[in-house]
1. With an 8 Å Cα cut-off and a minimum separation of 6 or more residues, compute the relative contact order for the chain in percent.
2. From the phi angles alone, apply the Karplus equation (6.51, -1.76, 1.60; θ = phi - 60°) to segment 84-96 and give each ³J(HN,Hα) in whole Hz, x where the residue is Gly or Pro.
3. Fully extended, how many nm does the chain gain between MET64 and VAL14 (0.36 nm per residue separation, minus their Cα-Cα distance)?
4. Positive end of the charge dipole of the chain (Lys, Arg +1 and Asp, Glu -1 on Cβ, about the Cα centre): tell me which of PHE88, HIS12, ILE48 has its Cα farthest that way.
5. Could you give the semi-axes, largest first, of the ellipsoid that matches segment 52-138, computed as the square roots of 5 times the alpha carbon gyration tensor eigenvalues and rounded to whole Å?
6. Rounded to the nearest 5, what % of DSSP beta bridges with both residues in the chain are antiparallel?
Amino acid sequence: MLRMSYMPSDFHPVLLILGQKTELMTLADAFDGFSKQGGSLDLNAAGIMSTDTKVTLEEWTEGMTEKVGLWPVGRGQSDLIWRLPKRFAWIFANEVANLGSSPDVAGSATLECEVFGEIRAKVSIGEWEEGYLSDAFR
């Protein structure tokens, strides 16, 4: 099961996304579809399970006043908004698909827009126990 959770921190907050190689295609497909259609996309509804984090992709275009990247919706919340230009979503889709098709048994990809202070997303295979981020593990 592909799962995610926001891990807040004063210095290195991260959205951790874990799953098996084949499951990563759910995330790659979500990014790929978003790269073509733009608009808004709820990652939870797209098939990434979380009991404590909601992530919404929102298309970012030139001239917007909001910062590009992954940000909390409000202070102290685990609801996140991920503002992406469609070309970044296409790049992220390819990075996730490459990780999922890699011959390596473990690895990760960091997804970020390189904006100061943004939350980084770490997509990982084989580096955490299978049940990590599930309610049974916590």
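Bear in mind that the values in this text are calculations on the coordinates, not laboratory data. Everything numeric in this text was worked out from a predicted model, so none of it was measured. Neighbour counts are summed over all protein chains in view; Cβ atoms, including those assigned to glycine, are modelled from backbone coordinates with ideal geometry.
1. Values: 264 pairs, mean separation 40.1, N = 138.
Reported relative contact order: 29 percent.
2. Whole-Hz 3J(HN,Hα) from phi for segment 84-96: 10, x, 4, 5, 5, 4, 5, 4, 4, 4, 5, 4, 5.
3. Values: separation 50, 0.36 × 50 = 18.00 nm, distance 2.42 nm.
So the extension gain works out to 15.6 nm.
4. So the residue we want is PHE88.
5. Working: eigenvalues 126, 72, 18 Å².
In descending order, the three semi-axes are 25, 19, 9 Å.
6. Values: 18 of 30 bridges.
Here the share of antiparallel DSSP bridges comes out near 60 percent.
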